[in-house]
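Peer 1: There's a structure below that I have some questions on.
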Amino acid sequence: MVKGTKAEAIIKIIHKIPLKQRTKVMEVTLGMAANMGLIVKKSFPNASLVIDCFHVQKLALDALQEIRIKHSWDAIGAENDAIEYARNENCKVQC
């Protein structure tokens, strides 16, 4: 087991595995930390990097949440503007 996440320390340990074996690795699934990509690129020359589903879903859901919140605030602002307009025009508001 490797303690820590420093790329150079991890690469040093992985490079104890003979290159012949490391070139057999074709795919590595990892999180989105930049240092993990560096480790894979330097250690497994034939491997494709695949971001795990959790991180892809999290990015998409975070973006969706940001859009949802913006639209909610826009709707609240529009409703407040309509109420203010009705008050200024002495309109009756029906619910």
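Peer 1: Let me spell out the model: positive unit charges on the Cβ of Lys and Arg, negative unit charges on the Cβ of Asp and Glu, origin at the Cα centre of the chain. What dipole size does that give, in debye rounded to 20?
Peer 2: Value, rounded to 20: 1180 debye.
Peer 1: Here is a follow-up. With angles folded into 0 to 90 degrees, how steeply does helix 53-88 sit against the dominant principal axis of the chain? Use alpha carbons for both and round to 10.
Peer 2: 10 degrees
Peer 1: I would also like to ask the following. Which three lengths, in whole Å and largest first, does the chain cover when its Cα atoms are put on their principal axes?
Peer 2: Principal-axis extents of the Cα atoms in the chain, largest first: 82, 24, 18 Å.
Peer 1: Here is a follow-up. What is the distance in Å between the Cα centres of the range 8-61 and the range 70-93?
Peer 2: 53 Å
Peer 1: Oh, and also: In the structure displayed, which of K3/K42; K41/K70; K16/K58 lie more than 27 Å apart, Cα to Cα?
Peer 2: K41/K70; K16/K58
Peer 1: Taking loop as defined by DSSP and a crowding limit of 15 other beta carbons within 10 Å, which trypsin sites (Lys or Arg not before Pro) in the range 1-78 fit?
Peer 2: Hits after loop and neighbour filter: K3, K6, K16, K24.
Peer 1: Nearest 10 degrees, 0 to 90: what angle lies between the long axis of helix 34-43 and the longest principal axis of the chain (Cα atoms)?
Peer 2: For helix 34-43, the angle is close to 20 degrees.
Peer 1: Then there's this: Which net charge results when you count Lys and Arg as +1 and Asp and Glu as -1 among the other residues whose beta-carbon is under 12 Å from that of I10?
Peer 2: Here the count lands on +4.
Peer 1: Just to confirm the filter: which GluC sites (Glu not before Pro) across the range 2-95 are DSSP coil and have at most 10 other Cβ within 10 angstrom of their Cβ?
Peer 2: Counting only loop positions with at most 10 other Cβ atoms within 10 Å, the GluC sites (Glu not before Pro) in the range 2-95 are E89.
Peer 1: Please pull out the direction-averaged projected area of the range 54-95, using the convex hull of its alpha-carbon atoms, in nm² to one decimal place.
Peer 2: Computed as one quarter of the Cα hull surface, the answer is 3.5 nm².
Peer 1: So how many Å³ per residue does the convex hull of the Cα atoms of the range 1-51 work out to?
Peer 2: Output value, Cα hull per residue: 71 Å³.
Readers should treat all values here as calculations from the given coordinates under stated rules, not as data from a laboratory. Remember, it's a predicted structure, so these values are computed and weren't measured experimentally. Cβ coordinates were reconstructed from backbone atoms using ideal geometry, including for glycine residues, and neighbour counts include every protein chain displayed.
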